[in-house]
Each structure stands twice: as structure tokens, then as C-alpha cells.
Amino acid sequence: MTLTPSLTVQPGPPEPAITDALVREHNLTEDEYRRIRSILGRTPTYTELGIFSALWSEHCSYKHSKPILRTFPTTGRQVIQGPGENAGVLRLPNGWAVAFKIESHNHPSAVEPYQGAATGVGGILRDVFTMGARPIALLNSLRLGPLTEPRNRYLFGGIVRGVGDYGNCVGVPTLGGEVAFAPGYSGNPLVNAMCVGILREEDLIRARAEGIGNVLLAVGARTGRDGIHGASFASEELSEQSEARRPQVQVGDPFTGKLLLEASLALIQSGEIVAIQDMGAAGLTSSSAEMAARGGVGVQLNTDKVPVREEGMSPYEILLSESQERMLVVAEPERIPAIEAICARWELSATAVGHVTDDGDFRVCHDGQLVASIPGRDLVDECPIYYPAAEESTQARSRREASPPPSATMPGTQSALEQLLDVPSLASKRWVYEQYDSTVQAGTVIGPGGDAGVVHVPDTPFGLAMTVDCNSRYVALDPYEGGKAAVAEAARNIACTGATPLGITDCLNFGNPEKPDVFFQFREACRGIADACRTFDTPVTGGNVSFYNENPGGAIDPTPVVGMVGLLHSIEHHTPSRFITPGHRVLVLGSTDGHLGGSAYWAHLLGFVGGPPPPVDLEAERKLQQVLITGAEKGLLASAHDCAEGGLAVTLAEACFPATPEDRSLGAAVDLSDYARGLDPTPLLFGEDQARAVVSVAPQHVPAFGRLAAEHGVPLVDVGEVTVAGSLLSILTSKERTAWDPSHLSSIADRSIPRRMTPRATQPGEGQ
Amino acid sequence: MMRAAVITFPGSNCEHDTVRALTQAGIHAELVWHRETSLQAPDVVLLPGGFSYGDYLRSGAIARFSPIMEAVRTHALAGGAVIGICNGFQVLCEAGLLPGALTKNAGLLFTSRTVRVTIERSDTICTVDFEQGARLSLPIANGEGRFVADEQTLDQLEAEGHVVLRYAENPNGSARGIAGICNPQGTIVGMMPHPERAANARLNSGEGGRFFSSIVTSFHSQMLTSPPNTSGLNRDSYVE
């Protein structure tokens, strides 16, 4: 089945000649091109240039991030599969395992929001079911420019619809996420999608091509001209010309995605296949080259055999197409009929498009002509690794050291809370998550809107908690503390539901790494993430790096999004974030110093983004998590809500809010006059000290919960009581008493985003 | 043991949830692929939620032409029990087994939330375990859940008591707040809310489970009689 050696590599049918300009168009540097020539010992063909361009793109090669990513803790008793596969896998009790991964689809979403976001969800689903796991939950993290700009509203609406339509149609519930708005994301929105799947440990399958003579089969959708060079597109800065890239954005078909999911899981369970891999970024090229590299074998692809959507597609186009809903399967030749039958059951086709070879080469034939022949290992491993310079910019340092101008007028407490809840980043995301099916699969225990989503693992006693978090303002002001804070907040959110954090996946969204200040942010944020993960025993199991998030206005705020999963040993112990019962005591766990640096209060009410963000005491965070988890397991906690952006005031208000707008808000009578050494109301209520949570506890459990907190050395103060529906949220400080109608606050928070998304309905003076 | 057939179209995504809820109620449930042309004489047929054929056209518009739908029609017209949930309700309307149609939500957005509904009729095959007028909370998740029909049909549905479920707070502009309807015999029921997603008291309210226990109750009270094995019947023997 191998080719006769007499065949020499020839350019495919009408192919352009290789020129310096063509090399540049392929995003390859002069040095990289020299390296390619030396690997091949000759000038590459157009097809080969395309292959190198895709696999050596930042998106596929991690050439600027690899040395930093190696510093992450990736091992632990719970780790079955760390980084390097399609998704990470962690061990659960009773032979179960969880596969999860987060990935960005920023650049496609910037030019074609609906399809860009939809295919982001499709891609992450495939990464998870490729491991043999059935997806049981989706999450997403979105960043956009302010909704005052029509373009941002267009992007936001399209992205949310795209995320929703794909997940809704495939039937995987969206259990959580985060949405934030800041000027730096105008023109370069971030769309990060995370998927969580479950599997029996014995069903785990790795994407490793093995067995000389085994066939490669293309399963699923036909290959079209969409998404060609998507991986390279994702590896350059967005510019005014990016709009012209619109045809490079892939088009999603969730219906076929659902069939492919079922067919893939059936193929894996049947034992008829050796390996399976999603054709994601760089399509057939990267899926086949990566599977071959993992298995230490060569592959030959016959591109003329690949089922195509249109006639006359060149091998170059077929190899680099990022048409969606396609998988590449490796199997023994005699299994083909069984595989075809399984695919046919799901109304899909399986077509042999190549085979595994023993010489380690990555070879492509088209109509009997050899159009590419590259040493496979060099193709994957010889991509240059860069160690860019890293230096913090002076502006960043001075912003961190600055204080708000003395002339800034501080709003009163009453109005400050109302204003903060109307800020879209802090407001309710109901408008967003109600467009996502959050109850399909019938396992949802805590849906979106709480601290973390919780889903029941069918046929077991346990549940999985999951969240995505990042405060990019903190990271911008202090990348190291911001990196720690992203992991700490995620872990706190998981622990608030009663679950134990297990591990993370990360989506590292940054600007151009060739700029020293950007690479400094990247390196320091990763150091913070690594330190936090070591302290919490939550290894990094994989993820995604998205560089070049820049637009003509400059780089985005550094946004290392942390996706975390946690285990709830018994689903009965899940703890909601909202107050449940009037008469329960309200307590603050953790200590309050009134840290306003980097706070939402300064940013949104004073218009000052600066100061040092709150330092993260990882040991204090770990102890806080322990108290929350044990408190939930012992049945002492009625509710627990993480204290984050907006401080105690926002946390208390949110805890009063009802689960649905039809329900009534509860109230709370809170006395902080003796709390935190008589801090002034503003730092007391709006400071964003880390390692804190607001919990409610039935009066009879307060002593036991107090002992638990004391055992772990976590400060705990009883500050008040949950009051009946319809009553006020009243907060007494050493200086003043302030009271709000929580249902009024709730409606401010609920209306914040929808009223900005329908500007024509906006009342005069209501703009952001 | 009662037997249920859960019809699965390509794009269905609530079939397993529905099987689980049926099983919990003590009903033996089997998935039946849309390409099948006959049913093995089930006591009840369920059309589950999802996006049959992607719903790229109008929800349920393609599914009604599936090979299995002929057998479902035959079963239904012979007095057999049929329940359509969400996409299944859309399919039943498209197939003409229930009146009216489901159109795009008034807000034009997909809407996923928990809504309060009232049991308007407690003598159908899936509501006998409820009190008339009972209130409960159920999840909805759809983009095309707005029930519409002409005034005459709506008047008739109301007058003859064929409204099974009504929203307490209309989430999508459905005519007269209708969330679910049935045929005159109460043997064919369609509803937009998802009771199978609220049928496990360990995870949620559990109140949705009563729709499934009702099937068993109505079967044992002989309200629901097993129709003859209709799989072999010629389609021409029925006239709409």
C-alpha cells in the first residue's frame, strides 16, 4: 500500500510558485521558512507550505507558550490524562471519570459572531466526546466591548445566539459562564467555550494512530472550502482587513454535530476502532499529523478520496479546510464494514482516505500524484520554540501604584449599590443564560445564575460542580495576583456549592506575545495560576492559548480564564447561593480589610481603573474552601455565596434575589457596625478582599458551624438574619443605616443587559 | 408492565430523559428509530423533545414525514395514547394530530426557564394524578413555543376543555396562555414544558414525575385501553 519510492513530489494541479510574498502570506518567518527548506532538503510545494503554515501557526504549535505551559502542575492522584490530548481526564469515584476542556473561538467570532461562537461550541463538544466521554454540560466565558457601541451589541447578540443554538440543538445543558464588558474588547471579543463530559474509565480512548496498514477514515460532514487557514487566522492580530476573512469562518451544523456525537460514542463503545480525533483547527492536516506523531508512525492521505462539497477542490484546500462536524478514525481494514454500519445508523458516511505507514512520513497523494511528503516528526516537533522578552510596561506599573484622583466624587452607599448592579459586567446575566437550554438531560441541580453549575452524574450518588472565572482587571493591574485570583475565585465558587475542586482547564487569552509587556502579563499570570493550582491540588489538565488578541486600538486586557470542575460526593449536599429561609443567620466567612484597589467600585463608579488588586492569600483560600465543603457535607449550610466583584454589598444583595423573576426576593437585616474594626462604609461594603463568602445557617447549626470555622482558623462573624419575602435589605455600619428593596435591586440587575440590547426601548437618560 | 415507545428522530435530544422518567414510573420504555415502519403494540407512544432534523425548516415540519409517523398516526387514530413534549408537541401539530401550531416566541429568543403552569384538565392520560387546577413549576426550553390557532379553534379548545396546561405567567405570547392541549378523548396530549426534567425529587421538584405516574394510573383505571396491534394495518383504512 505504500508508494513506490520512484515517485517524486510534484506540485499539484495549477499551484502557485513559491515566492517570498507567498511565504509571508502564510505567516511564516524567514527563519521558519529556512528551517522548512532544510527539513525537506528542497523548496516546499504549495501544498507543503500550507501544511507547515497550519501546523506551525501559534494556534497549533504553541511556539510562544510551550516553555511557560510546562511550569504548570499537571499531575496528581486524580489525573488520568493531563495536557496533550483532546481533553484532560480526571478520576471520579466508582470507576467514573470526567473529561473537560476549554477553548477559544475569538477571532472567528470577531468577524462572524453567530457562526464563530456556534462552531466554538461544536469544536469543544467534539474535543470531549473524542475521548469517549458523553458531554453533560457546557459553560462559556464571553468578553465584549461596552454595549453602548452598536457593533458590540451586534457581536454580543450574535455570539449568545450562536452559543445557544449549537448547545441547545445538540442537547447539552449550559450550566454556567461569565460575561464581562470592557473597552479593550471592542473589536476583539473573547468567546471561550468549555465542555464537561463523563465516561467509564475503561472507555477512555486516546487519539493515537497505531498499526501499520490501518486505515484512516473520514467520518461525518463533507469537506468544503470554509475555514481554510482558520488556524493561521487565529494566530495574527485583527485589523481593518479582518472583515475580508469572513469566508474563512467555519459554518456550524449542530444537527450533524449531534449525529456525529452519537456515532462517535457508538464507534468507541463498539471496540471496532483504534483511535479517533476531531478535525478541528487545521482540519485533516493537524488531526492526521498529530495522531501519527502520538503513535510514532507515518500516514499517507489520499485527498482525492475525501468526500467534498464542491468540485475541483485542490489537495491544499482539502487538507486545510476547517469544515465542521468531521472526525478522523483509525481502524483495522477488516473493521471497515462494521464501522460503516455504525455510521449509517446515524445517517453518516465513513470513507477511507488514507492509511498508517511505517516510515514516519506525512505523505499526501492526489489522483495518484504525490503532492506532499514531509518527515512527520519534524513537522510536529521541529517548529521553532520562542522565548520572547518579558517586561512590564511602565504604564501598567504606574496604574497599579496609582490612587483615584482626590477630586473623584464618591456616590452614597444607597446609590452605589444600585449603580453597581446596573453595570452589565456585575448585573444579572439572565438575558444571556435564558437563551441557553440549562435543563436538557434532566440532571441539572444548580443551573446558571449561581456560583457554579451542578449536574448529577446519572446512575451515581454524586454530582459535578463547574465554573469559569477570571477578573481581567485584576490581571491587567497585577498579572501574578490576577492569575492566582482567577483560580481562587473558581475554587471558591466550586466550594460554595459544597463540592471539592478537582482540577482546571485554562483558556489563556492575551495580546501579541512578541510584545514584551504582553509576554510579561502572560508569564506572570501563568505563574499565579500554577502557584494557586499547587496549593489547591487542582492540576492543569489542558486548555488553550489564544494570542494576538489585538485590534487597531491595542491589546485586550489579559484574560486567563480558568475552567474548574469539582466533585460533590453526594448530590444531596449541594448548597445554593441564595438565601432560602427567613430566620436563618447571615454570617461572613473570611476577613475584611476593605481593599478597594482594582475594585468594580473604583472602575465603574469613579471611572478609575487602577491600584493594586486585592492580594490573594492562597492558604486562607484553601481553609475557606475546607470550611465550605465540610459545612455542606455536614448539612450545616443553608446557602453560601462567594464574595467577589462589588464586595459584601453586591454579595448580600444577590443572596436576597429570587431564583426566577416570578418569585419574591427575601430580605436581610445586617449589622456591620462592629464588624471589621469600624471600617468606613465604602471599603467595608465595596472592598473586594479575597477568601470570603456570605453564608446562611439555621440558628440551631450556628454553634457547630462556628466550631468548624474555628478548627480551620477561618474568621466567622454572625452579622444578621434572613428576613421574610417583601422585607428590606438593611445594612447598618458604624456610620449609617442603608436599606434597599431587594426586588427593586433585582429588577435593576435583571434589566441591565436587556435594556441596553434594545436601545430603542431605552428611556431618556438610561444609557450606560 | 406497561410498555412505551419513545420515537427518536435524528436530532431528538430528550429521548433518554423521557425513557428515564417512564422507567421511574414503572413503565418499560423502548427507543424506536424514525426509520422503523411499525410499532410493537405499545401502550403509549412518546414523541420527545429536541430538534428533529435540526428544525432548520419549521420545528417538526420534516419529522412528520418520517417513516415511523405513519404507524404513530395509526396508533393514535385507533385510540392509542400519544404524548408529545416540546418538539414532540410541534410534530403532533404538524402531523395534524392536534390542532394549532407552535411559532417563534414573542420575544424572538430561545427561552429556557422554569415557569408555573396550571393543570386545566386532570382527566387526560398524563394528568389524572393531579388535582384539577393544581399549580406546579416546570422547565421550558424552546425557540418556537408560542401556541397559535384561529379564534374559532381556540374557542373550541376552551369550550370543550381541551386545554390541559396553561401558563400562570405567559412566557412567550402563547394564545390564551396555552402550554398544552389534548384531543377530545384525552388520549393525545401535547405540551411545551418538560415534565421529564422535573421528575427526580433528589435533583429538582420531582413534580413532573406525576405526568408519568398518571399514565400508569389511567392505564390501570382502564381509561386507557391498549389499542389493537395496528402495525400491519394499511394506511388507507383510515380517513382523517
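Just a few scattered comments:
- Considering only residues in the range A:459-495 that are touching a residue at least 40 places away in the same chain (Cβ under 8 Å), closer than 23 Å to B:ASN200 by Cβ and outside any strand (DSSP E or B), the one that is most open to solvent (accessible area, probe 1.4 Å) turns out to be A:PRO461.
- The condition (being part of a strand (DSSP E or B) and more than 33 Å from the chain's Cα centre (by Cα)) is satisfied by just one residue among A:VAL694, A:VAL719: A:VAL719.
- The sole residue among A:GLY257, A:GLY271, A:GLY283, A:GLY312 that is open to solvent by 20 Å² or more (accessible area, probe 1.4 Å) and under 28 Å from A:LEU204 (Cβ atoms) is A:GLY271.
- Against the conditions (1) more than 30 Å from A:GLU524 (Cβ to Cβ); (2) in contact with a helix residue (DSSP H, G or I) (Cβ under 9 Å, 6 or more places away or on another chain); (3) among the charged types (D, E, K, R), A:ARG42 satisfies every one except (2).
- B:SER205 surrounded by fewer than 24 Cβ atoms within 10 Å (Cβ to Cβ), hydroxyl-bearing (Ser, Thr, Tyr) and in a loop (DSSP other than H, G, I, E, B): yes
- In the range B:115-131, the residue that is nearest to B:SER214 (Cα to Cα) out of those that are buried (at least 21 other Cβ atoms within 10 Å of the Cβ) and within 14 Å of chain A (Cβ to nearest Cβ) is B:VAL117.
- Subset of the range A:253-269 [farther than 12 Å from A:LEU348 by Cα and within 11 Å of chain B (Cβ to nearest Cβ)]: A:ASP253, A:PRO254
- Selection count, the range B:27-59, where residues are away from chain A (no Cβ under 14 Å) and not hydrophobic (A, V, I, L, M, F, W, C): 8
- Checked against (1) touching a residue at least 60 places away in the same chain (Cβ under 8 Å); (2) more than 14 Å from A:ILE68 (Cα to Cα), A:GLY542 passes all but condition (2).
- Candidate set from the range B:13-26 (those that are more than 21 Å from B:SER66 (Cα to Cα) and open to solvent by 20 Å² or more (accessible area, probe 1.4 Å)); member that is nearest to the other protein chains (Cβ to nearest Cβ): B:ARG20
- All told, B:ARG146 falls short of being within 14 Å of another protein chain (Cβ to nearest Cβ), open to solvent by 50 Å² or more (accessible area, probe 1.4 Å) and within 23 Å of A:GLU434 (Cβ to Cβ).
- Residue count for the range A:545-558 under the criterion of being charged (D, E, K, R) and either free of Cβ contacts under 8 Å to residues at least 60 places away in the same chain or open to solvent by 20 Å² or more (accessible area, probe 1.4 Å) (or both): the result is 1.
- Considering the range A:659-671, and only residues there that are in contact with a Gly (Cβ under 8 Å, 6 or more places away or on another chain) and more than 12 Å from A:LEU729 (Cβ to Cβ), the residue that is most open to solvent (accessible area, probe 1.4 Å) turns out to be A:ARG664.
- Subset of the range A:169-188 that is part of a helix (DSSP H, G or I) and within 23 Å of A:THR505 (Cα to Cα) - its residue that is farthest from the other protein chains (Cβ to nearest Cβ): A:TYR185
- Strands (runs of 3 or more DSSP E) completely within the range B:27-111 that count 1 or more residues being open to solvent by 10 Å² or more (accessible area, probe 1.4 Å) and of a type outside the set (Phe, Trp, Tyr): B:28-33, B:101-103
- Being within 28 Å of the chain's Cα centre (by Cα), surrounded by fewer than 24 Cβ atoms within 10 Å (Cβ to Cβ) and of a type in the set (A, V, I, L, M, F, W, C) is a property that does not hold for A:ALA655.
- Every condition in (1) of a type in the set (Val, Ile, Thr); (2) farther than 29 Å from A:LEU328 by Cβ; (3) at pLDDT below 95 holds for A:VAL179 except the one numbered (3).
- Selection of the range A:445-462 for residues being under 15 Å from A:THR500 (Cβ atoms) and among the charged types (D, E, K, R) yields only A:ASP451.
- Restricting attention to the range B:147-179 and to residues that are within 15 Å of the chain's Cα centre (by Cα) and either in a loop (DSSP other than H, G, I, E, B) or basic (Lys, Arg) (or both), the residue that is nearest to B:THR114 (Cα to Cα) turns out to be B:ARG166.
- Note on the range A:189-214: among residues that are open to solvent by 10 Å² or more (accessible area, probe 1.4 Å) and in a strand (DSSP E or B), the one that is farthest from A:GLY511 (Cα to Cα) is A:ARG200.
- Among residues of the range A:147-168 being of a type in the set (A, V, I, L, M, F, W, C) and either more than 11 Å from every other protein chain (Cβ to nearest Cβ) or outside any helix (DSSP H, G or I) (or both), the one that is nearest to the chain's Cα centre (by Cα) is A:ILE159.
- Only strands (runs of 3 or more DSSP E) whose full extent lies in the range A:496-578 are considered here, and the ones with at least 1 residues that are of a type in the set (D, E, K, R) are A:500-509.
- Residue check for A:GLN435: in contact with a Phe, Trp or Tyr (Cβ under 6 Å, 6 or more places away or on another chain) and within 14 Å of another protein chain (Cβ to nearest Cβ): yes
- Each residue in the range B:115-146 was checked for being in contact (Cβ under 8 Å) with a residue 60 or more places away in the chain, assigned to a strand (DSSP E or B) and hydroxyl-bearing (Ser, Thr, Tyr), and 1 of them qualify.
- Looking at A:ALA427, A:ALA402, A:ALA416, A:ALA396, just one residue is open to solvent by 30 Å² or more (accessible area, probe 1.4 Å) and either among the hydrophobic types (A, V, I, L, M, F, W, C) or touching a residue at least 60 places away in the same chain (Cβ under 8 Å) (or both), and that residue is A:ALA402.
- Scanning the range A:357-364 for residues that are open to solvent by less than 40 Å² (accessible area, probe 1.4 Å), among the polar types (S, T, N, Q) and in a loop (DSSP other than H, G, I, E, B) turns up nothing.
- Close pairs (6 angstrom Cβ cut-off, 6 or more residues apart or separate chains): within 11 Å of chain A (Cβ to nearest Cβ) in the range B:159-172, among the charged types (D, E, K, R) anywhere: B:ALA168/B:ARG116; B:GLU169/A:GLU662
- Counting the residues of the range B:83-114 that are in contact (Cβ under 8 Å) with a residue 12 or more places away in the chain and within 11 Å of another protein chain (Cβ to nearest Cβ) gives 10.
- For the range A:418-429, the criterion of a residue being within 14 Å of chain B (Cβ to nearest Cβ) and either part of a loop (DSSP other than H, G, I, E, B) or closer than 27 Å to A:GLU103 by Cβ (or both) is satisfied by at least one position.
The values are calculated or read from the model by the stated rules, or taken from the named source; none is laboratory data. Note that the coordinates shown come from a computational prediction; the quantities given were computed from them, not determined experimentally. Please note: Cβ atoms are built from the backbone with ideal geometry, for glycine as well, and neighbour counts cover all protein chains shown. For the accessible areas, the whole protein counts, side chains as well, though only heavy atoms, and no ligand, DNA or RNA atoms are used. Shrake-Rupley method; radii C 1.70, N 1.55, O 1.52, S 1.80 Å.
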